[in-house]
There are 2 protein chains.
Amino acid sequence: MGKYDDLAALLLEAIKEGGYLKADLSSIPVGISNRHIHLSQVDLETLFGAGYQLTKTKDLSQPMQYACKETLILAGPKGTIEKVRILGPARKETQVEILLADCFKLGITAPVRSSGDLQGTPGITLIGPKGSILLSKGVLIAQRHIHMTLDNAHNFGVTDGELVTIQIDGLRGGTYSNVLIRANNTSALEFHIDTEEANAMQLASTSKITITK
Amino acid sequence: MGKYDDLAALLLEAIKEGGYLKADLSSIPVGISNRHIHLSQVDLETLFGAGYQLTKTKDLSQPMQYACKETLILAGPKGTIEKVRILGPARKETQVEILLADCFKLGITAPVRSSGDLQGTPGITLIGPKGSILLSKGVLIAQRHIHMTLDNAHNFGVTDGELVTIQIDGLRGGTYSNVLIRANNTSALEFHIDTEEANAMQLASTSKITITK
């Protein structure tokens, strides 16, 4: 049997090198985010009290990330949005990810940005049970992106930071361009979009999408 | 001058036949709809009182269509949505066009349908100032479509009822497939989508789109 095992291993290697395993591209799961907030520990304590720790209610698909029991009120010059979910754990900088529709409700103009790219983003008022914060920056509309491992990226023939196009089938189908590849070894394979992007293409958390590049 | 006019006419004809005027394809304006209601006269009178007439507040881009002062409450098994705008004039059948996000709020599953195609659609409760109606059908999510004249259709090389793909540029760009052509001589050229479809692609009422087919 050794001969056949060697042959099988060689064939698999050849197939991988030839890129034929890209047929696998049809199987990227979809993760849909509503508006949410990531807090720094300092801001968390201002809003909820000294020494406060977030209460996990649900693990998210990305390792170590979770939804919390705690919510905040977002207050802008034109309106407020209540019960905006906090995601844990605490981060280096506070970041508020909203929907484009929320910009109209709140009266602010947020740019489409990659997570963590906060330079020049607008601020907002966060209202918690023990205090409020007037952020000077940190509000963005998340740029659609695909989390993956470096191995995934190699198999898909893409690199971290690359922009790709993805294909969605169905009556409300189409393509989304400028989808950012975020590849590192702490990510689970998942295409991240917000609820408006999901609804516009009738995507659900059970949907799968394809990279067309 | 007669000779030159004849020459110009011939050139124009040649250009039209050659399809060169399809360069015009880049100039389709975008019309964005929020959830709204079209009422039959019978249902209007049940909700607002006998003999009631709608109050126009704004002409819409499609001839004879207008937004009204009047709004209704939509009530589903899981929740309600207030201040849902009525569009006039009264139609043959009552039709409620909602966003996919509204399905979750209301607790109903509406299909993506072309306007007027109400067979098998779910119902909903409409609550007005003088009465309520439990509709047995009429709730849909509008299939994206392009209104145009028959001349427009000829110039674009498309026909009434055809499904086309449209291209949207920009950081949140992409394509929408299965866009229905609705061509007749009472329509103004306009690509109709709902607010979720507009926000997902960062389209505004000042945007222009292109048919790629």
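The values are calculated or read from the model by the stated rules, or taken from the named source; none is laboratory data. Because the structure is a prediction, the values reported are computed rather than measured. Heads up, the Cβs are rebuilt from the backbone with ideal geometry, glycines too, and the neighbour counts pull from every protein chain shown. The area values use the complete protein model at the heavy-atom level, side chains included, leaving out ligands, DNA and RNA. Shrake-Rupley method; radii C 1.70, N 1.55, O 1.52, S 1.80 Å.
Our summary gives the range B:34-142 a relative contact order of 31 percent, counting only alpha carbon pairs under 8 angstrom and 6 or more residues apart.
The C-alpha atoms of chain A define a longest principal axis, and helix A:2-17 lies at about 50 degrees to it. Quote the accessible area belonging to B:Thr212 in square angstrom, nearest 10, computed with a 1.4 Å probe and with ligands, DNA and RNA left uncounted. Answer for B:Thr212: close to 70 Å² accessible.
Give, as a single signed number, the net charge of other residues whose beta carbon lies under 11 Å from the beta carbon of B:Asp194, with Lys and Arg counted +1 and Asp and Glu -1. Surrounding charge for B:Asp194 is -2.
Percent of Cα pairs in chain B per distance bin of 5 Å, from zero to the largest separation: 1, 7, 13, 17, 16, 14, 11, 7, 5, 3, 2, 2, 1, 0, 0.
For chain A, what proportion of DSSP beta bridges, expressed in % and rounded to the nearest 5, is antiparallel?
65
Over the protein assembly as shown, the pair-distance histogram of Cα-Cα distances with 20 Å bins from zero comes to 22, 48, 26, 5, 0 percent, rounded to whole numbers.
If you average the sequence gap of Cα pairs under 8 Å that are 6 or more apart and divide by the length of chain B, what percent do you get for the contact order? Before the final figure, lay out each step's value.
On the way: 456 pairs, mean separation 52.2, N = 213.
It comes to 24 percent, rounded to a whole number.
As a test of reading the structure, rank B:Leu126, B:Leu180 by solvent-accessible area (1.4 Å probe, protein chains only), most first.
B:Leu180, B:Leu126
Counting only protein heavy atoms and using a 1.4 Å probe, the accessible area of A:Asp6 comes to about 100 Å². Output the antiparallel fraction of DSSP beta bridges having both residues in the range B:34-142, as a percent to the nearest 5. If I count the DSSP bridges inside the range B:34-142, around 70 percent turn out antiparallel.
Exposure check, 1.4 Å probe, all protein chains in place: B:Lys208 carries approximately 120 Å² of accessible surface.
If you build the convex hull over the alpha carbons only and average its shadow over all orientations, what do you get for the range A:34-142? Give it in nm² to one decimal.
The Cα convex hull of the range A:34-142, projected and averaged over all directions, gives 6.2 nm².
Among beta bridges from DSSP that stay inside the range B:104-213, the antiparallel ones total about 70%.
Going through the cross-link list A:Lys92/A:Lys213; A:Lys56/B:Lys137; A:Lys78/B:Lys105; A:Lys58/A:Lys213; A:Lys83/B:Lys83, which pairs have a Cα-Cα distance over 30 Å in this structure? Before the final figure, lay out the partial values.
Numbers: A:Lys92/A:Lys213 33 Å; A:Lys56/B:Lys137 42 Å; A:Lys78/B:Lys105 23 Å; A:Lys58/A:Lys213 33 Å; A:Lys83/B:Lys83 21 Å.
From A:Lys92/A:Lys213; A:Lys56/B:Lys137; A:Lys78/B:Lys105; A:Lys58/A:Lys213; A:Lys83/B:Lys83, over 30 Å: A:Lys92/A:Lys213; A:Lys56/B:Lys137; A:Lys58/A:Lys213.
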